[in-house]
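**Q** Next up is a structure, given as structure tokens.
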Amino acid sequence: EIMPSLVGSEMCIRDRNRRIMKIQSILAAGLLMMFGACTDLSENLYDKINANEYGQTDSEIASIMGRAYASLRGGSFDGANGYAFSEYVYFISAISSDEAVLPARNGGADWYDGGRYVQLKRHEWDNQNVAITGAWRYCYNGISTVNAIISQIEGSSLKDEQKNKMFAELRAIRAYFYYRLIDWFGNVPLITDYKDLTLPTNSTRAEIFDFTEKELLAIIDQLPESGYGKMTKNAGYCLLARLYLNAEIFSGKSRWEDCLKACQQISGSLETNYFTNFQTENEVSKEILLAIPYDHKMGTSGNFLNWALTHNEQRWAISSTGAFEGGGNSIVAQPGLYYSFDEKDIRRNTMLIGDQIDLRTGEVVDRDPNQEGLQPLSFTDEIGDIMDAKDYEGVHWCKYEQKDGEEWERDHDLVVMRYAEVLLMQAECYVRLNQPEKARPFLEQIRSRAGITGTPETITLQTIEDELKKEFVFEDHRRTDMIRFGTFFTGTWWEKNEITPAYKGIFPIPALEMQKNNKLQQNPGY
């Protein structure tokens, strides 16, 4: 609804339209789920409309596309809601870097989970790590969904113009999943034909890179100019720029100039307020290039990140009535991360440290009201034992708004791409091309918004990496950035005391997947 005092304002109209697009995106996903994923279109009727005739209007096209976009959320399959974007996709990247840790608590009774998270922190993972398996299945579930929809459309009697419009978005979504696979696993099966039931073998990392690049170049100009939560041209070029930014790692050849060219095709701007991108109604952000929409009233699932982050009694610091569903008390900042931010840097406010104040009393929250006497809930930077952390140890994340009345499934949309990334990609490319002064205006925009005055006199790759670390803290960037800068291997940090061998720049092919497909070859070193 539009507040009466704002009726007629340009900003309100923009925000309203983006909220409508968010709801349409979610509704489209729900409609397609009702239709199912059958591939024999000639024998199925959907709500008394022949499938060969379905897809003639914009709303019908949106409903067909909906399940592909819904696959970005991940969710329940294989009997568990464990492969959601907000869990393993976030966790394996953040925990394996110097950004985050998920310690076992309560003597290992909570969050030890077979050691999967301790393995990630110490770089001791193996091919049976469930979190790594979840990331693999997240990607291939999405790819299978896209391939099925493409097969449906190919077999329909829709006009070529309609088909091509839909194919462009679908292939861009599939390219996104392959980008994740290149980054995480390197040498993976290339599957594009839904009807081909033969067991696939691995393609090389360079081959998957080439495929993903060609896919994006083939369809990028056919992507829509706008559309919240959709693969637009801006999102397509941002994905292409990411691919080129990491090309030296992915394919063996640097592509800095190509990354710059892709970035220069993207239009956008920064939000004045950094946290607009992460508020509950963050669909109003003009900075977001691609987000995964969520709305619990629409039945979306998979965005339980804020539940997982918060201490159960922390709810009293968020809601005076305790109307905030939380209690996972899981992933926290790695010790030292909070203090690596300048005190004036507003991005430091993505983390909570110290006393949590009870909104009912104005006193410190009692973290264990069942015990006699006050047990203060005061988050510390120190974590004494990764195998048995206290429930108050660890600086907590609060990047996404924590709001009175929130339920298990949150309503803020998870950000995949935003314009700040485009600015910092260009800054990095110019430094790598030995033109650091050209990086300065891009850095200044980012730092100025963060409340940091000026930029270093000399801009180096270390300058860029430090800025990336702060700007995208807890946004699923850090592992990839550290690998590109080399610090993933050479650095040591809390609970990682040894140099990491180069082969661990990619994860192993999960054992469960190799058991199902004897044509798969394990990644070197594992």
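**Q** For a quick protection proxy, order the peptides 423-433, 488-498, 368-378 by their average other-Cβ count within 10 Å, most packed first.
**A** 423-433, 488-498, 368-378
**Q** Work out the FRET efficiency for Arg440 and Thr192 from their Cβ-Cβ distance, taking R0 = 41 Å, and round it to the nearest 0.05.
**A** Numbers: r = 43 Å, r/R0 = 1.04.
Between Arg440 and Thr192 the formula returns 0.45.
**Q** Right, another one. Would you rank Tyr228, Tyr526 by solvent-accessible area, highest first, keeping every protein chain in place and using a 1.4 Å probe?
**A** Tyr526, Tyr228
**Q** Could I ask something else about it? Charges at C-beta only: +1 for Lys and Arg, -1 for Asp and Glu. How large is the resulting dipole of the chain about its Cα centre, in Debye rounded to 20?
**A** 1300 debye
**Q** Just to be sure I understand, if you calculate Cα Rg over 2.2 N^0.38 Å for this structure, which of [x] 1.72; [y] 0.97; [z] 1.36 do you get?
**A** Among [x] 1.72; [y] 0.97; [z] 1.36, the one derived from this structure is [y].
**Q** Can you check what the Kirkwood hydrodynamic radius comes to for the range 116-227, Cα pairs only, in Å to one decimal?
**A** 15.5 Å
**Q** Can you spot the aspartates and glutamates whose alpha carbon is less than 12 Å from Lys159's alpha carbon? Ignore those fewer than 8 places along the same chain.
**A** Answer for Lys159, where 12 Å is the Cα cut-off: Glu53, listed by chain and number.
**Q** Moving to a separate point now. Counting only protein heavy atoms and a 1.4 Å probe, tell me what percentage of the chain's accessible area is made up of carbon and sulfur.
**A** Here carbon and sulfur together make up 48 percent of the probe-accessible area.
**Q** When all C-alpha to C-alpha distances in the range 318-464 are sorted into bins of 5 Å, what percent of pairs does each bin hold, rounded to whole numbers?
**A** Over the range 318-464, the share of Cα pairs per 5 Å bin runs 2, 8, 13, 15, 16, 14, 11, 9, 7, 4, 2, 1, 0 percent.
**Q** Let me ask another. With every protein chain kept in the model, how would you rank Arg447, Arg67 by accessible area, 1.4 Å probe, largest at the top?
**A** Sorted descending by solvent-accessible area, the residues read Arg67, Arg447.
**Q** Given H placed 1.01 Å from N in the peptide plane, which residues other than close sequence neighbours of Gly229 have an amide H under 5 Å from its amide H?
**A** Residues meeting the criterion, in which the H sits 1.01 Å from N, are Ala291.
**Q** Ok, one more. If Asp98, Asp110 are ordered by their accessible area, calculated over protein heavy atoms with a 1.4 Å probe, which sequence runs from highest to lowest?
**A** Sorted by accessible area, descending: Asp110, Asp98.
**Q** From the gyration tensor of the Cα coordinates in the range 411-526, what semi-axes in whole Å does the equivalent ellipsoid have, largest first, with each one equal to sqrt(5λ)?
**A** 33, 18, 14
**Q** Let me make sure I get this right: for the range 285-358, a, b and c are the square roots of the gyration tensor eigenvalues over alpha carbons, sorted descending. Under 1.5 in a/c it's rounded, otherwise prolate if a/b > b/c, else oblate. Which is it?
**A** Here the range 285-358 falls in the oblate category.
**Q** Okay, next question. Normalized C-alpha radius of gyration of the range 351-430, against 2.2 N^0.38 Å? Each step should come with its number before you reach the end.
**A** Numbers: Rg = 18.2 Å, N = 80, 2.2 N^0.38 = 11.6 Å.
Expressed relative to 2.2 N^0.38 Å, the Cα Rg reads 1.56.
**Q** Still on this structure, I have one more. Can you give me the long-range amide H partners of Ala100? Hydrogens built in the peptide plane at 1.01 Å from N, cutoff under 5 Å, separation of 5 or more residues or another chain.
**A** Amide H neighbours of Ala100, under 5 Å, 5+ apart: Gln334.
The values are calculated or read from the model by the stated rules, or taken from the named source; none is laboratory data. Please read these numbers as outputs of a predicted model, since none were measured by experiment. When we count neighbours, we look across all protein chains shown, and the Cβ atoms used for this are built from the backbone with ideal geometry, even at glycine. When the accessible area is computed, the model is the full protein with side chains, heavy atoms only, and any ligands, DNA or RNA have been set aside. Shrake-Rupley method; radii C 1.70, N 1.55, O 1.52, S 1.80 Å.
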